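These notes concern the structure reproduced below.
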């Protein structure tokens, strides 16, 4: 009887321990957690105050935008368990910390070790767990000022690239968490920010469960390696949009289709959107206004015989969307768009009805001195070199690139094979344990 009771007690203890282990999983070792308090993804755009400023295509002209790049306070740690308690509070003394440029990879700035790996993981494979010892961690602090004119608006804090997982605090208050190293992470920081001086803090962790899905053939680097910025949005604003430029069966005339998602904090949805289409000389091809009474706007506009976009003839038009209310312009967006039709017929890719000869190249976002923190000048050198040597296509091996890269490909004329940030060589080649087989990885 005593032995039977002991066995039952042991089983109960094991089951309880297992349940407690599940409850106390670390976010960065839990495949079901890859974002906390993070905004849903959407089309990339920076809002401007009116259509005139939007047409500058210069973010610094927007009074809705504030770039936070520069030198930040930085503390390097050998593992996340060494993170000091309360480093994110305003009272914590950081006078002995180093400084580091943002954007950058800390391994390229004298901290930690860069690692090159292809198929095998750079640590013992045991998903979703990663090593704690040797899991380099960077602590960041940065102060910035917010003008009083921002106080009535929704304020978004955006990180275009942080590898591989990070926690965010603003003014000592925990805001959220993010994984997904190659795409933008955005947070609504309005509840945490005040007019005047503010301080943000980050804990960036090199390896996370997300590393099993980011097992690309490249140098493994860490840190805040793309732009960080704030932007503000009025109560009624553009939340997301989709642009489709379709050609008719003769590849002559086009239909410009727009699907726009608005956000209105008051839920009244009263106003209009002005749509402008300008040719390369700045002449108006289209000027239409649509009133709205709900969150979603779908419109279609005929465009007679526009100049077509191909890699050899990268003709672009300028689309302006101007959100208006009775008291004037609320928000404006400008985007360069091209008219082209991509089809597959009888196994053949056609661009505007013509079968192109693709002459492509693989490209990593990498610089021998800056790592993955590329500036625009470096991207322009790459795209010009590709065109100089008669390439007309590029593969973003093996992850989404900076937004500016896609804009340059549109401008100079390059077809893009755009890869998702999803590669798990080690698990399916060496262990036959592809994450797609396990339901807990599904959402990630």
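Each reported figure results from applying straightforward, stated rules to the coordinates on display, with no laboratory input. Since the structure is predicted, the reported quantities are computational estimates derived from the model, not experimental observations. We place every Cβ from the backbone using ideal geometry, glycine too, and count neighbours over all the protein chains shown.
Brief remarks follow.
- For the pair residue 428 and residue 61, label points projected 7 Å from Cα toward Cβ lie 4.6 nm apart.
- Separation of alpha-carbon centers, segment 268-292 and segment 135-210, rounded to whole Å: 34
- Calculated P(r) tail over 20 Å for segment 29-129, as whole % of Cα pairs: 68
- Separation of alpha-carbon centers, segment 238-255 and segment 308-351, rounded to whole Å: 7
- More than 13 angstrom apart: percent of Cα pairs within segment 343-417: 68
- Once the Cα atoms are used to define both axes, helix 2-23 deviates from the longest principal axis of the chain by about 30 degrees.
- Exposure proxy shown here: for 160, 82, the number of other Cβ atoms within 10 Å sets the order, fewest to most, as 82, 160.
- Proxy reagent accessibility, fewest Cβ within 10 Å first, across 310, 184: 310, 184
- For the chain, the longest principal axis of the Cα atoms and the long axis of helix 376-388 meet at an angle of about 60 degrees.
- Dmax and Rg, reported as Rg then Dmax, of the chain (C-alpha, Å): 24.7, 92
- Mean residue ellipticity (222 nm) of the chain, computed from DSSP H runs ≥ 4 via -39,500 (n - 2.57), nearest 500: -3500 deg cm²/dmol
- Sorted by Cβ density within 10 Å, fewest first, the residues 85, 179, 109, 376: 85, 376, 109, 179
- Acute angle (nearest 10 degrees) that the helix 403-412 long axis makes with the longest principal axis of the chain, alpha-carbon atoms: 30
- Percent of C-alpha pairs per 10 Å bin, segment 165-283, short to long: 9, 25, 25, 24, 15, 2, 0
- Extension gain, residue 421 back to residue 116 (0.36 nm per residue minus Cα-Cα distance, nm): 108.0 nm
- The stretch between residue 152 and residue 299, if pulled fully straight at 0.36 nm per residue, gains 49.9 nm over its current Cα-Cα span.
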